[in-house]
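No value in this document is a laboratory result; all are computed from the given coordinates. Quantities reported herein were computed from a predicted structural model and do not represent experimental measurements. Note that we place each Cβ from the backbone using ideal geometry, even for glycine, and neighbour counts take in every protein chain shown.
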Amino acid sequence: MGCDGGTIPKRHELVKGPKKVEKVDKNAEIAARWKYCALSQEKLQRPIVACELGRLYNKDAVLEYLLDKSAERPNTEVAAHIRGLKDVKELNLTDNPAWEGERRNTKGDTYEDIHCAMFICPVVGLEMNGKHKFCYLQTCGCVFSERALREVKTEICHKCGDPFQDEDLVILNGTKEEVEKLKEKMEERRAKAKAGKKSKKSKVSELNCKPLDSRVTGNPDSSKASSDLKDASQNGECSADSAPGPSGACSSSKNGKPTTTTGSKRSIQDMKEKSEAYKSIFTTHSSAKRTKDQTSNWITHTPYHF
């Protein structure tokens with residue numbers, strides 16, 4: 001059982017001291033962040049996407065997560081802020097010509113460089129292995145090193161030529177402070193988008209539910225349309241393609257806007273007047289022709305008595 005004379009216990013076995021803090025290997029941590037998917041923990045393979053916080057994912061893993069969020073998966077809290085494919089951006093990466101793949105050292109007889117990465121910066125040539133800061137553009141998805149953007153200052157993408165702003169830059173696998181700043185920007189951006197959608201909906205509802213008596217100042221077409229609507233409402237008639245609205249006026253069934261019927265009424269009256277005029281002309285012409293024929297027949301067939 002121990003301590004029976006057959007064994008000599010040591011001090012650390014008898015005295016319980018403070019536990020040693022386990023140190024994480026930096027190289028292993030860097031490889032896990034830059035070579036493996038943050039959600040599925042599988043090796044990164046094209047197509048690769050990045051979220052607004054700068055984390056790298058395989059697109060297949062993100063699609064599976066979005067299709068079934070109830071499934072039990074590890075590290076689901078990493079992708080909790082992803083609501084759809086609009087929240088991620090597919091990256092336009094540049095391949096490293098020195099990358100030979102991981103199968104070249106299957107026998108273990110060659111030197112393997114741990115810091116050799118699959119992708120590089122297209123401007124400076126730095127490898128995307130975690131030693132240097134990299135960022136991507138939310139407009140086009142191109143990836144560059146921070147040194148390239150700092151040394152070659154421009155407002156146009158170096159790779160595809162699309163314009164961008166400083167707000168479009170997102171740092172990949174940044175520190176905790178950088179991730180917190182990106183999270184604040186993401187929340188502000190989403191709040192602005194939500195407020196814009198609400199304002200658009202309110203404007204559309206105001207236009208659809210606008211009363212007839214309200215007139216827009218400085219717009220002659222709107223005042224004319226409102227006057228026509230009042231005439232139509234006084235006459236109590238509606239067009240064929242419209243239906244009476246809540247205020248008693250005619251509203252179109254297609255777009256929900258009020259329509260006037262004075263033009264159609266006038267056109268019907270004009271048609272009636274033209275038909276009557278045509279009938280009168282036809283009757284007068286036929287009667288004149290009839291009298292002319294009768295007189296000619298009377299002259300030819302009646303005998304003359306002298």
Item to complete: Enumerate by residue number the GluC sites (Glu not before Pro) in region 137-199 meeting two conditions: DSSP loop (anything except H, G, I, E, B), and at most 13 other Cβ atoms within 10 Å of the site's Cβ.
Response: Glu155
Practice prompt. Enumerate the amide H contacts of Phe119 below 5 Å, restricted to partners 5 or more residues apart or on another chain; note that Pro and chain-start residues carry no placed amide H.
Written response: Asn96, Met128
Practice prompt. Name the residues whose placed amide hydrogens come within less than 5 Å of the amide hydrogen of Ser40, ignoring near sequence neighbours (fewer than 5 apart) on the same chain.
Written response: Asn58
Fill in: Spatial extent of region 11-88: Rg and Dmax, with the Cα atoms as the point set, Å
17.6, 60
Practice prompt. Starting from region 46-106, pick out the trypsin sites (Lys or Arg not before Pro) whose DSSP state is loop and whose Cβ has at most 14 other Cβ atoms within 10 Å.
Written response: Lys69, Arg83
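Tell me which GluC sites (Glu not before Pro) from region 29-68 have a DSSP coil assignment and no more than 10 other beta carbons within 10 Å of their own.
Loop-located and lightly packed - none at all.
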